[in-house]
Amino acid sequence: MNSAEWVTTSVPYLAPRAKGQRDAWSAETSAQGRRGSQRILQAGEVPAPDEIAEALGVERGEPVVVRRRIMYLDDQPCELTDTYYPLALARGTRLAGTAKIPGGAVTLLAELGHVGVRAREDVSARLPTDEEAATLESERSRPVLQLLRLTLDADDRPIQADRMIMPAPLQRLRYDMRIG
C-alpha cells in the first residue's frame with residue numbers, strides 16, 4: 001500500500017461514540033498517524049433523489065434532511081459524503097444544521113433514540129461527474145467508487161442513508177465478517 005492509499009472499514013461509522021470521544025473519521029485517521037478532517041458544504045431539507053427515496057422508503061422528491069460534506073485525508077479531498085435522514089427523524093435537530101456534531105451524527109441519532117442495528121452497503125464503480133472530479137481534485141477519466149449505505153433500526157426502519165464518492169485508486173474497502 002502506498003502512502004496515498006487509504007484502507008477503511010465501515011464498522012466504526014455505524015456505532016455511537018462514548019461521551020467525549022471524537023467522531024469516527026477523526027479517530028480512525030489519527031490512529032493511523034494521519035489527519036482527517038471534513039467540511040460541511042450544506043445541511044437542511046432537500047427533495048429526495050431517486051436512489052435515496054428508495055432506500056429511505058419515501059416518495060421520490062419527498063423532503064429529507066441532508067448533510068453534504070467533503071472529507072479530507074492529510075488536507076487532500078478523499079471523499080464526498082452526502083448523508084440523508086427521514087424528515088420526521090431529523091427536522092429541527094442538529095442533523096439539519098451545518099455545525100459539527102460532537103461524536104458525530106450516529107451519536108446524535110442514538111441520543112435522539114434512533115440506534116442502527118443493521119446496515120446494507122452497495123458498492124459500484126463509475127466515472128465521476130465533472131463536479132465530482134473537480135471537487136476531488138481528480139481527473140474526469142479516473143474512476144470513483146460509490147458506496148451507498150443504508151442503516152436500519154431494530155424495527156427495520158431506515159434511519160440514515162449515505163452516498164459516498166471516493167477516487168477508486170486511492171481506496172481499499174475492508175469487510176471483515178464473522179460467519180456463524
| So for region 21-170, taking the charge dipole from beta-carbon charges (+1 Lys/Arg, -1 Asp/Glu), which of 76, 146, 44 sits furthest toward the positive end? | 76
| said: With +1 on the Cβ of every Lys and Arg and -1 on the Cβ of every Asp and Glu, and nothing else charged, how large is the dipole of region 82-180 about its Cα centre, in debye rounded to the nearest 20? | reply: 180 debye
| With Rg and the Kirkwood Rh both taken from Cα atoms, where does Rg over Rh land for region 81-147? | 1.08
| note | Taking only the alpha carbons of region 51-118, the radius of gyration and the largest Cα-Cα distance, Dmax, both in angstrom, are 13.1, 39
| remark: Stokes-Einstein D for region 111-180 (37 °C, 0.692 mPa s, Kirkwood Rh from Cα pairs), in µm²/s, comes to 235 µm²/s
| field | Local electrostatic count at residue 74 - Lys and Arg +1, Asp and Glu -1, tallied over other residues with Cβ under 11 Å | value | +1
| Quick one: if you take sqrt(5λ) for each eigenvalue of the C-alpha gyration tensor of region 21-170, what semi-axes come out, biggest first, whole angstrom? | 24, 19, 14
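Values in this text are rule-based calculations from the coordinates and carry no lab data. Computed from a prediction, not measured in an experiment: that's the story for all the values here. Cβ atoms come from the backbone with ideal geometry, glycine included; neighbour counts cover every protein chain shown.
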